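Asker: Sending over a structure as structure tokens; questions will come in a sec.
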Amino acid sequence: MKKTPRRPRTPLFEVRHSPIHGYGVFAARRIRKGAVVIEYLGDRVSHAQADERYKDKDPNDNHTFLFTVDARTVIDAGVDGNEARYINHACDPNCESTTVNKRVFIQAIRTIQPGEELSYDYQIQRDSDDAPNIDEIYACRCGAEDCRGTMLVGAKKTRKLVHRAPIRAAGAHGAARQRAPRRSGIAQRPQRRSR
Ligand SMILES: C[S@@+](CC[C@H](N)C(=O)[O-])C[C@H]1O[C@@H](n2cnc3c(N)ncnc32)[C@H](O)[C@@H]1O
Ligand SMILES: [Zn+2]
């Protein structure tokens, strides 16, 4: 018996201009809590290579497609990256990043309705040698009611008290500034817990 032809499914998301910053990624259909939306892809390089690649970048420019996987590896989505690189930061996000076997996935932490912008908390780490205006540089424009005003996490560090980490404490986005992998495991299984 002939099968009825299936209607092609609408893509899960689309990339378009965002009120938060530049381009963003928006749900094109309902995304269930726990769904893996996309893998964060790009050129996998060492921290040294990433630093070398962007050494001439203006320190006041916060824009980056770098994502720290661990102490050895950074994903540079500016080279061979996919749409994941357009997902913006938000302080009350609907997604999170998860690292599994050194691969990074963006996963929904609640049900997302069509048209909603996808976001996750970059949790960019502070460094002891941060410029005094670091919070201005990394100002957050997510617009959430409880926006913390910055894409950075944690209390301000003072040079006197904090030793500089051998590798710049991987903040999610930035040669040395991308977020440290929070945890590993499970990304491809349906959601276990939300934050
Ligand atoms: C991975 S890119 C996200 C895509 C970006 N909107 C674009 O068009 O290229 C990360 C950069 O987007 C900007 N960005 C993302 N979320 C932001 C936010 N909540 N507030 C301000 N800038 C943000 C910052 O420049 C950040 O380094
Ligand atoms: Zn915010």
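Values quoted throughout were computed directly from the atomic coordinates according to the rules given, and no laboratory measurement underlies them. What you see is a predicted model, and the numbers here were worked out from it, not measured in a lab.
Asker: Let a ≥ b ≥ c be the square roots of the eigenvalues of the Cα gyration tensor of the range 13-153; is it rounded (a/c under 1.5), or, if not, prolate (a/b larger than b/c) or oblate?
Answerer: oblate
Asker: Anything over 32 Å Cα to Cα? Flag those among Lys33/Lys102; Lys55/Lys102; Lys57/Lys102; Lys33/Lys57, in the order listed.
Answerer: Distance filter (> 32 Å) returns Lys33/Lys57.
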